[in-house]
1. Quickly run through the range 97-116 and pick out the residues that are open to solvent by 90 Å² or more (accessible area, probe 1.4 Å), not in a loop (DSSP other than H, G, I, E, B) and not basic (Lys, Arg).
2. For Leu8, indicate whether it is of a type outside the set (Phe, Trp, Tyr) and at pLDDT 85 or above.
3. Determine, yes or no, whether Leu109 is modelled with pLDDT of 85 or more and farther than 30 Å from Ser43 by Cα.
4. Taking the range 30-62, which residues are free of Cβ contacts under 8 Å to residues at least 12 places away in the same chain and either of a type in the set (Val, Ile, Thr) or over 17 Å from Cys112 (Cα atoms) (or both)?
5. Looking at the range 45-64, can you tell me whether even one residue there is open to solvent by less than 90 Å² (accessible area, probe 1.4 Å), among the aromatic types (Phe, Trp, Tyr), at pLDDT 85 or above and within 18 Å of Leu30 (Cβ to Cβ)?
Amino acid sequence: RGGDRNDLQPDEPIDIVQLHVNLCKQVLELIRVAVRKLGPEFSEDTWIVLLKVILGVTDCLLREPMERERSGWGEGKHQRVYMEGDDPGPRMADLLCEDLIWVLVELWLRSCNYRVEMWDYLK
């Protein structure tokens, strides 16, 4: 896959965030494949633990400071305003959100989970 350390040239700068994102996406794909192949053999307790882990990761990432745009003061320009901190760098949540939500929904549906308290965790 792209972004592996072995693919980098010696002169290229290393984008640590992108390397981390690529690793996280590989882990999410591994979980997705494992659930598809082994899910029917999982006990209810296994599903609950797996769902709680994915819910926890999702919650943690989606709680990162949000970026929003607003109009400048009469200039007609848009400027980026950060809710916390001044770092305009890439956010893990922006880069992983689609994959993470996809895995969460697939796990939830495959688990056939009907426990009310798990829906409370999802909120």
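The values are calculated or read from the model by the stated rules, or taken from the named source; none is laboratory data. Note that the structure is a prediction, hence the values are computed from the model and not measured. Positions of Cβ are backbone-derived with ideal geometry, glycine not excepted, and every protein chain shown enters the neighbour counts. In case anyone asks, the SASA skips ligands and DNA or RNA and just uses the protein heavy atoms, side chains included. Shrake-Rupley method; radii C 1.70, N 1.55, O 1.52, S 1.80 Å.
1. Residues satisfying the conditions are Glu98, Trp102, Leu109, Val116.
2. Here the answer is no, as Leu8 does not meet what is asked.
3. Criteria not met by Leu109.
4. Leu30, Val33, Thr46, Val49, Val53, Gly56, Asp59, Cys60
5. yes
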